[in-house]
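Below is one structure, written out as structure tokens; the observations come after it.
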Amino acid sequence: MPVVSEKSGNQLIIIGNGMASNRLLEELGTHHPFDQILIFSNEAVAHYNRIMLSPLLAGETTLTQITPHDEDWYQQRRAHILLNTAVENIDIQAKRLQSSDDEHHHFSQLVIATGSQSFIPNLTGADSRNVSGFRDIRDVDQLLTRLPELKQATVIGGGLLGVEAAVGLKTQGVDVTLLHRNPVLMNRQLDAEGSILLTQALQQRGVDVQTGATDIELISDQQQVSAISYQHNNTRINIGTQAVIFATGIQPTISIAENNAILCDKGILVDERMRTSADSIYALGECCQFEQFTYGLVAPIWDQAKVLAAELLQASSLQTSTSRTNTQETPVYREQQHLTKLKVSGLDVHSVGEFNALDGDDVLTLRDDHQGIYKKVILRNNTLAGALCIGEVADSQWYFELMRNQTNIRSIRDVLLFGKDICEPAA
């Protein structure tokens, strides 16, 4: 499909080609009103499933297998991707942007879906050649290129991405040390008991897990990090390493908005219809901020994509209508609880709501170390405030529904941990 540089009728432009952008295309479908959808990507490959980076690093899948759509799929949607092409400037008043190849492109509507980038702390040696994040295909390619001579690597950060990076490298035969500042591994998704189960699963795979690692220093020589020093239980520990992978969090990628006077805080500020402070410009996914919230998991981003698709369709209809009397209500985005489903190191982890109790809460737990099962339910005034299921997750959706509906569980409290099949006859 040809790319039109100047005015091309009703054109939607999306900056970013990640999972949020792809989901928006899926929501818009093939019968959208745009003459063309133009997508800018600063990567060299088409959209891929970033959730599968760890299996890709482990050699358990291929880039082709995690690339969900072919060229026909995009053609059916009148969509064209410009690879290796960034957006340099946005002229908000003229509704035109300038790309890194010095082309100018007109838009009727513009979506910023630039995602996020790895947060790498400002440590001496962090700019060394063998230091990277774990966020996109370029990070994976860098590690795969080094695999033949890579014997030992250190992953800093024991959140979801850090655990996945450690598992991927270990599967390739690399000795891996996983350092995490917090005593609880994956502390945003797990409590201390769940962390123990995950640590055991990682250790069984051969990953050296060190939690409570603070005051980390990189020891570098000739632009290569050769060792890492950290504090653990009042003891200074030094370990050798050939590669360092930072998985210490993500930062919304917002420079294109900041540089063009679009309001930002931690992320690009949006309202309940994903509108930014600039007319006809929207933001979506990990780059955006709604109220005080920014995003790192897909479930709320899927909700945002649905809302934005409806908003774009209505906005486009109003722009092309001569009567401009379309008052159809579009859905709006609201923060809500989601059931988070993860598979970490072969271990199923499902959580919803709160997993750390407040004063006055009741806590029900079931743990079977031999089976690798841990279930925890937080009760507040005889309703569910949260649930955590590890290893045995068949009832997580049921717990989610009980919490969402604020069901009084007094009559099934004693058997709640044994699941829906046991509780329903007693309900």
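The values are calculated or read from the model by the stated rules, or taken from the named source; none is laboratory data. Source: prediction; values computed, not measured. Here Cβ is always computed from backbone atoms with ideal geometry, including for glycine, and neighbour counts include all displayed protein chains. Ligands, DNA and RNA are stripped out before the accessible areas are found, and what is left, the full protein with its side chains, is counted by its heavy atoms. Shrake-Rupley method; radii C 1.70, N 1.55, O 1.52, S 1.80 Å.
Residue-wise test of (1) at negative phi; (2) open to solvent by less than 10 Å² (accessible area, probe 1.4 Å).
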{"residue": "GLN152", "(1), (2)": "yes, no"}
{"residue": "GLU164", "(1), (2)": "yes, no"}
{"residue": "LEU169", "(1), (2)": "yes, yes"}
{"residue": "LEU178", "(1), (2)": "yes, yes"}
{"residue": "GLY194", "(1), (2)": "yes, yes"}
{"residue": "GLY206", "(1), (2)": "no, no"}
{"residue": "VAL209", "(1), (2)": "yes, no"}
{"residue": "GLY212", "(1), (2)": "no, no"}
{"residue": "GLU217", "(1), (2)": "yes, no"}
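The residues of the range 59-85 that are buried (at least 16 other Cβ atoms within 10 Å of the Cβ), of a type in the set (A, V, I, L, M) and either assigned to a helix (DSSP H, G or I) or touching a residue at least 24 places away in the same chain (Cβ under 8 Å) (or both), listed by number, are ALA79, ILE81, LEU82. Taking the criterion of being more than 17 Å from THR211 (Cβ to Cβ), part of a loop (DSSP other than H, G, I, E, B) and open to solvent by less than 60 Å² (accessible area, probe 1.4 Å), the only residue of the range 224-251 that qualifies is THR241. Among residues that are part of a loop (DSSP other than H, G, I, E, B), closer than 16 Å to GLY285 by Cβ and open to solvent by 10 Å² or more (accessible area, probe 1.4 Å), ASN17 is included. So which residues in the range 385-420 are more than 23 Å from LEU347 (Cβ to Cβ) and not basic (Lys, Arg)? Listed by number, the residues that qualify are ALA385, GLU401, LEU402, ASN405, GLN406, THR407, ASN408, ILE409, SER411, ILE412, ASP414, VAL415.
Just the residues that are over 19 Å from TYR48 (Cα atoms) and open to solvent by less than 40 Å² (accessible area, probe 1.4 Å), please, taken from the range 124-143.
GLY125, ALA126, SER128, ASN130, VAL131, SER132
Being open to solvent by 10 Å² or more (accessible area, probe 1.4 Å) and closer than 30 Å to GLN11 by Cβ is a property that does not hold for ARG146. Candidates are the residues of the range 62-91 that are β-branched (Val, Ile, Thr) and within 24 Å of the chain's Cα centre (by Cα); the one that is farthest from GLN11 (Cα to Cα) is THR62. Within the range 32-57, the residues that satisfy the criterion of being farther than 16 Å from ASP141 by Cβ, touching a residue at least 40 places away in the same chain (Cβ under 8 Å) and either open to solvent by 20 Å² or more (accessible area, probe 1.4 Å) or not in a strand (DSSP E or B) (or both) are HIS32, PRO33, PHE34, ASP35, ILE51. A single member of LEU297, LEU308, LEU263, LEU284 is open to solvent by less than 30 Å² (accessible area, probe 1.4 Å) and out of contact with any Phe, Trp or Tyr (no Cβ under 8 Å at 6 or more places or on another chain), and it is LEU284. Among the residues examined, LEU190 does not qualify as under 23 Å from the mean Cα position of the chain (by Cα), at pLDDT 95 or above and more than 25 Å from CYS288 (Cα to Cα).
Would you check if PHE119 is among the aromatic types (Phe, Trp, Tyr) and under 30 Å from SER195 (Cα atoms)? Criteria met by PHE119.
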